[in-house]
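Working notes, beginning with the structure itself.
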Amino acid sequence: MDTQSLTPFQIVQELDKYIVGQNDAKKNVAIALRNRWRRMNAADDIKNEIVPNNILMIGATGVGKTEIARRLAKIAKAPFVKVEASKFTEVGYVGRDVESMVRDLVEQTVRMVKQEKTESVKEKAARIVEDLILDILIPPLKESKKNIDTPSREDVEQNEQTRERFREKLAKGELDNRKIEIQVSKKTNPNIGIMGAGPMDESALMNIQEMLGGMVPKGPKKRKMTISDARKSMMDEEVDRLIDMEEVKEEALVRAENSGIIFIDEIDKIASNSSDRGSSGSVSREGVQRDLLPVVEGSAVSTKYGTINTDHVLFIAAGAFHFAKPSDLIPELQGRFPIRVELDNLTQEDFVRILKEPKNSLIKQYQALFQAEGVELAFTSESVDKIAETAMIINDQVENIGARRLHTIMSQLLNDYLFRMPEEVPSGQKIEIDGALVDSKLKTLVKNRDLSQYIL
């Protein structure tokens, strides 16, 4: 499937495989993603004028805000970074720190592009490494007619036959434990600190460290190791040699600019409501908003790989907004998130669907864990209903953390079996979780409010 040209309807279909409900949020992120494809295919004279419609998602904890953004990035194969806005209000915060999320995005993109390039040259690198290992085991012979001491044609042919036999053995792994001596690059990455330099942004510090680290000589050294280990070491070096890092950096910057997604969570924590205005905390939060503003609206950020413009980076912000409202954000920042989506609170029926339907549902995850021990795990419909009901009750009694409550409940329900496998629960057994078992494991916790508060 060509993920770059997925229609909004197809994007929603892909999101439906992992996320239950929240159709409005899915539709809006699908449109935002498709608009990127539309912009790249627009006329050149207008292409750069089309800006992304950044999204503000409003909803309680555990309703799927982060998961929607993360899955969107995976569907699009786009670089993705998640940050908590609240971290920018911590002690020691300086204004330039907000740009660190953009530098993180570029780092992530460089890793993605390098991985793709690695996959494309892996086959070629493997052939080269195989020849290098053969050269160590059976050095090649070359026929020459000028010197009587040189090998004859028969010797050369015999050498080639021997090399081919060893090549087959290498392919089958029959020589993996045999030791050979190879030359490896001596990579030195000294931990160089900068003293007395005064305030310095992260990008400048990394560049200085990289420059000083590059001044340390990297001489090769000989090491004796098994062919299996040698193959891995030589593969890494050969892949690095075949990949053009300058090309990787250039491609990464372009991709980050045009396809990058930055998810800013807990943005409500930097909003100042009317009752807070005038306090020192309110000033600090408003300062963070003003520092975020130029990055979100589009600015040039320096990284160790070059300068990236954030004009076309898609920003998705999210927050519960229990104690503040979206209108408590400064007007300029509000205007940079024109699309607002309110996510629905999850119902008991949603919990049932979350347990069963997604490709990575909790039930399927635990079944896979049990299957690894050769044990079959099954749930009755009644047990699933009771798990969902228990999650709703505890969320109402203690604190509503949405679908995350299901993780703690499933852990409480199944940890005893996970501990007893494989000694007391051997391979070949089938374990069925029914309603009575769920009641016996969880009912006391539901009744005891204080206990459930600490355990779940």
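For segment 412-434: of the residues being hydrophobic (A, V, I, L, M, F, W, C) and at pLDDT 85 or above, which is surrounded by the fewest Cβ atoms within 10 Å (Cβ to Cβ)? Within segment 412-434, the match that is surrounded by the fewest Cβ atoms within 10 Å (Cβ to Cβ) is PHE419. In summary, GLU247 fulfils each of the numbered conditions (1) at pLDDT 90 or above; (2) under 30 Å from LYS179 (Cβ atoms) with the single exception of condition (2). For segment 11-47: of the residues being polar (S, T, N, Q) and buried (at least 16 other Cβ atoms within 10 Å of the Cβ), which is farthest from ILE75 (Cα to Cα)? Looking at residues that are polar (S, T, N, Q) and buried (at least 16 other Cβ atoms within 10 Å of the Cβ), I get GLN22.
Yes/no per residue for (1) loosely packed, with under 15 Cβ neighbours inside 10 Å; (2) among the charged types (D, E, K, R); (3) at pLDDT 85 or above:
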| residue | (1), (2), (3) |
| --- | --- |
| LYS142 | yes, yes, no |
| GLU168 | yes, yes, yes |
| ASN191 | yes, no, no |
| MET195 | yes, no, no |
| GLN209 | no, no, no |
| GLY214 | yes, no, no |
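Kindly check whether there is at least one residue in segment 381-393 that is surrounded by fewer than 16 Cβ atoms within 10 Å (Cβ to Cβ) and of a type outside the set (A, V, I, L, M, F, W, C). Among the residues of segment 381-393, at least one is surrounded by fewer than 16 Cβ atoms within 10 Å (Cβ to Cβ) and of a type outside the set (A, V, I, L, M, F, W, C), which makes the answer yes. Of the strands (runs of 3 or more DSSP E) that lie entirely inside segment 225-338, those containing 3 or more residues that are surrounded by 16 or more Cβ atoms within 10 Å (Cβ to Cβ) and in contact with a helix residue (DSSP H, G or I) (Cβ under 6 Å, 6 or more places away or on another chain) span 261-265, 300-303, 314-319. The C-beta contact set for segment 347-369 (first residue in contact (Cβ under 8 Å) with a residue 24 or more places away in the chain, second residue acidic (Asp, Glu), distance under 7 angstrom, 6+ apart or interchain) comprises GLN348/GLU389; VAL352/ASP385. If you go through segment 392-408 one residue at a time, do you hit one that is within 24 Å of LYS17 (Cβ to Cβ) and free of Cβ contacts under 8 Å to residues at least 40 places away in the same chain? No - not one qualifying residue is present in segment 392-408.
Within segment 383-412, the set of residues being under 25 Å from the mean Cα position of the chain (by Cα) and in a loop (DSSP other than H, G, I, E, B) comprises ILE401, GLY402, ALA403. Note on segment 156-166: residues that are modelled with pLDDT under 85 and under 19 Å from SER228 (Cβ atoms) total 0.
On inspection, ARG96 passes the criterion of being among the basic types (Lys, Arg), assigned to a helix (DSSP H, G or I), at pLDDT below 85 and within 25 Å of the chain's Cα centre (by Cα).
None of GLU99, GLU107 is out of contact with any Ser or Thr (no Cβ under 7 Å at 6 or more places or on another chain), among the charged types (D, E, K, R) and within 30 Å of LEU242 (Cβ to Cβ) except GLU107.
The values are calculated or read from the model by the stated rules, or taken from the named source; none is laboratory data. Quick caveat: nothing in here was measured; it's all calculated off a predicted structure. Cβ coordinates were reconstructed from backbone atoms using ideal geometry, including for glycine residues, and neighbour counts include every protein chain displayed.
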